Structures are given as C-alpha cells and as structure tokens.
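Asker: Quick one: this structure, given as structure tokens, is what I'll be asking you about.
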Amino acid sequence: MRLKITHETSYFYDPPAQGLVQSLRLTPSVYEGQRVADWTISVSGGQRGAAFRDGAGDWIEGWTVRGPVQEVVVSISGQVETRDTAGVLRGHRESVHPLVYLRPTPATGLDTALRDLAHSAQGEDGLDLAHRLAAAVTQAVAYSPGVTDARTTAAEALALGQGVCQDHAHVLIACARERGLPARYVSGYLHSSRDGQPHDAAHAWAEIHVGPLGWVGFDAANACCPDDRYVRLGSGLDADDAAPVRGTTFGTGDESLDVRVQVEEMEQ
C-alpha cells in the first residue's frame with residue numbers, strides 16, 4: 001500500500017510560553033516492511049537542531065521555539081509505501097540488545113492479576129506463546145475509548161477490563177516480560193478504512209522478541225499482527241518512552257493541545 005499521512009498537533013499556552021524545546025520521533029522507521037517516499041516535518045516558529053538515529057533505530061529531531069509564543073503547530077505530511085511482513089520487523093537497524101526490554105517501568109509494573117494473566121497462556125515456543133498472550137489480552141481488555149487516560153497503568157487497565165490501544169500494548173508488554181520475552185511499545189499510524197471498522201489513525205501496539213525470528217508486532221486492540229495498513233514510527237519501553245513528541249516548555253502557564261491525524265490510501 002501507499003499511504004498518505006497528515007498529522008497536525010497544535011499546542012496552546014496561556015499565558016504565552018517563554019520558549020520550548022522538543023524532541024520529535026516522527027519519522028517512519030526504515031525496514032523491509034516500509035519505505036518512506038517523502039516526509040516533511042515542520043514546527044511553526046521553530047528552528048531545527050540536531051538530528052540522529054538512536055540505539056533503537058529511531059530517527060530523532062530536535063526543535064527549539066523562542067518565545068513568547070501562544071501557539072505552536074507541529075505538522076507532518078508525507079507518503080509511505082508499506083507491505084505485509086506478518087508483523088516481523090526485518091531489516092531494521094538497531095544496536096540496543098533485546099534483553100534491555102525486559103526492564104519494567106511504572107506503566108508496565110506487575111500485580112497479581114497481571115501475573116495470573118501472563119501465566120494463563122501456554123505455548124509450544126516463543127512465537128506461539130507471544131500469539132497466545134496477545135489473544136489473552138484481547139479477551140481480557142475490551143476496546144473502550146474514554147475510560148482510561150495517558151497515565152493509566154497496565155494493572156489499572158486490566159482491573160477495569162477496558163481501555164484503548166495504549167492500554168492493550170502496556171498489558172501485553174507486562175505479560176510478555178513476566179514470561180521472559182523482551183517486549184516494547186511501538187507508536188505509529190493505522191489506515192482505518194479497509195475493514196470498515198473504526199480505528200484510531202494514530203495508533204500503538206507491542207513488539208515481542210521471539211528468538212531467531214527477532215521482533216514481531218502484536219496489536220491486541222485489533223487482534224492481529226501489523227500488516228500493510230500500519231506505519232511504524234518508533235519504539236520504547238512504554239508509551240512515555242516511545243512518545244512521538246517529548247519536550248520542555250519554559251513558563252508557568254497552562255498547556256492544551258489539539259490533534260488531527262488523517263491516513264489515506266493512495267493509488268500506486
């Protein structure tokens with residue numbers, strides 16, 4: 001597929017901010033499953049700084065905006081060619097050892113219910129176990145927007161039995177790590193019109209490392225592995241670590257934001 005993506009995030013500051021520094025993980029990954037045809041990132045009133053590829057293989061750009069500023073708009077537009085690799089992340093260059101992703105975080109910390117869920121699944125090998133864990137999470141956490149927020153932990157989402165893609169990813173990551181499988185959070189986009197069902201255009205899922213096969217994606221929110229409808233941006237230990245936009249604002253006012261994302265299929 002050839003997917004056209006437009007993503008605009010507007011930040012509003014009251015009173016105006018004295019300035020801000022942002023770290024953007026908003027450039028699609030390069031691997032066998034996707035190729036960037038063109039891609040543009042802009043920040044209103046911003047100056048682009050250093051850019052580099054980190055140890056996880058993600059492209060990071062630094063931006064600075066000098067104040068006072070009341071509104072800052074981060075705009076992304078471009079096209080990505082994708083193909084279905086059954087969720088397998090082949091040809092992705094990274095230097096971080098997979099065992100790093102066994103490390104727990106506050107968002108993926110275990111409690112008794114998560115441990116019980118993790119050990120409810122049995123598999124013949126690592127890949128089979130990963131699939132069974134993903135299926136268990138799909139059954140345990142119903143997709144339900146609005147009942148959780150960005151600070152909800154995996155344990156809290158499982159207790160509620162409801163959540164969104166971030167929660168499904170966190171629960172699956174926690175369960176996989178409990179079973180000794182390195183797991184990480186992935187941020188990206190999802191083309192939503194192929195099956196006629198509503199999905200978030202900005203999306204998240206988990207990747208689990210299963211021995212010689214390497215990293216494999218699992219989207220427990222949609223009970224599938226990522227295919228050519230998905231565009232991968234970057235990864236981290238959890239949602240906060242993998243956030244597409246991170247930064248610091250200088251000032252004492254309130255910040256609010258508005259996000260608009262559109263993913264369209266283009267003719268080849």
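Residue-wise test of (1) of a type in the set (F, W, Y); (2) farther than 27 Å from H191 by Cβ; (3) touching a Lys or Arg at 6+ places or on another chain (Cβ under 8 Å).
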{"site": "P15", "(1), (2), (3)": "no, yes, no"}
{"site": "T27", "(1), (2), (3)": "no, no, no"}
{"site": "Y31", "(1), (2), (3)": "yes, no, yes"}
{"site": "V43", "(1), (2), (3)": "no, no, no"}
{"site": "R48", "(1), (2), (3)": "no, yes, no"}
{"site": "D58", "(1), (2), (3)": "no, no, yes"}
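Asker: Sticking with this one: Suppose we filter segment 44-59 for residues that are within 21 Å of V259 (Cβ to Cβ) and open to solvent by less than 10 Å² (accessible area, probe 1.4 Å); how many remain?
Answerer: Number of matching residues: 1.
Asker: When you check G188 against the structure, is it open to solvent by less than 20 Å² (accessible area, probe 1.4 Å) and either assigned to a loop (DSSP other than H, G, I, E, B) or in the same structural domain as P106 (by TED's automatic domain parsing) (or both), yes or no?
Answerer: Criteria met by G188.
Asker: Another question, then. Return the pair list, or none, for Cβ contacts closer than 7 Å from residues in segment 210-227 that are among the acidic types (D, E) to residues that are part of a strand (DSSP E or B), at least 6 apart or on different chains.
Answerer: D219/W205
Asker: Right, here's the next one. Could you run through segment 40-61 and say how many residues are touching an Asp or Glu at 6+ places or on another chain (Cβ under 6 Å) and not in a strand (DSSP E or B)?
Answerer: 2
Asker: Give all pairs with beta carbons closer than 6 Å in which a residue from segment 128-141 that is among the basic types (K, R) meets a residue that is surrounded by fewer than 21 Cβ atoms within 10 Å (Cβ to Cβ); count only pairs at least 6 apart in sequence or on separate chains.
Answerer: R132/A121; R132/G123
Asker: So is L110 in a loop (DSSP other than H, G, I, E, B) and of a type in the set (A, V, I, L, M) or not?
Answerer: Numbers: in a loop (DSSP other than H, G, I, E, B): yes; of a type in the set (A, V, I, L, M): yes.
It is true that L110 is in a loop (DSSP other than H, G, I, E, B) and of a type in the set (A, V, I, L, M).
Asker: Also: If only one of T85, T64, T9 is touching a residue at least 12 places away in the same chain (Cβ under 8 Å), surrounded by 17 or more Cβ atoms within 10 Å (Cβ to Cβ) and part of a strand (DSSP E or B), which one is it?
Answerer: Values: T85 fails: part of a strand (DSSP E or B); T64 fails: surrounded by 17 or more Cβ atoms within 10 Å (Cβ to Cβ).
Being touching a residue at least 12 places away in the same chain (Cβ under 8 Å), surrounded by 17 or more Cβ atoms within 10 Å (Cβ to Cβ) and part of a strand (DSSP E or B) holds for just one of T85, T64, T9, which is T9.
Asker: Right, something else. Filter segment 203-219 down to the residues that are buried (at least 19 other Cβ atoms within 10 Å of the Cβ) and not acidic (D, E) and list them by number.
Answerer: Hits for segment 203-219 are H203, A204, W205, A206, I208, H209, V210, W215, V216, G217, F218.
Asker: How many residues does segment 114-141 hold that are outside any loop (DSSP other than H, G, I, E, B), open to solvent by 50 Å² or more (accessible area, probe 1.4 Å) and not hydroxyl-bearing (S, T, Y)?
Answerer: Summing the residues that are outside any loop (DSSP other than H, G, I, E, B), open to solvent by 50 Å² or more (accessible area, probe 1.4 Å) and not hydroxyl-bearing (S, T, Y) in segment 114-141 gives 8.
The values are calculated or read from the model by the stated rules, or taken from the named source; none is laboratory data. Quantities reported herein were computed from a predicted structural model and do not represent experimental measurements. Using ideal geometry, Cβ is built from the backbone for each residue, glycine included, and neighbour counts are taken over all protein chains shown. Heads up: the accessible areas ignore ligands, DNA and RNA and are worked out on the full protein's heavy atoms, side chains in. Shrake-Rupley method; radii C 1.70, N 1.55, O 1.52, S 1.80 Å.
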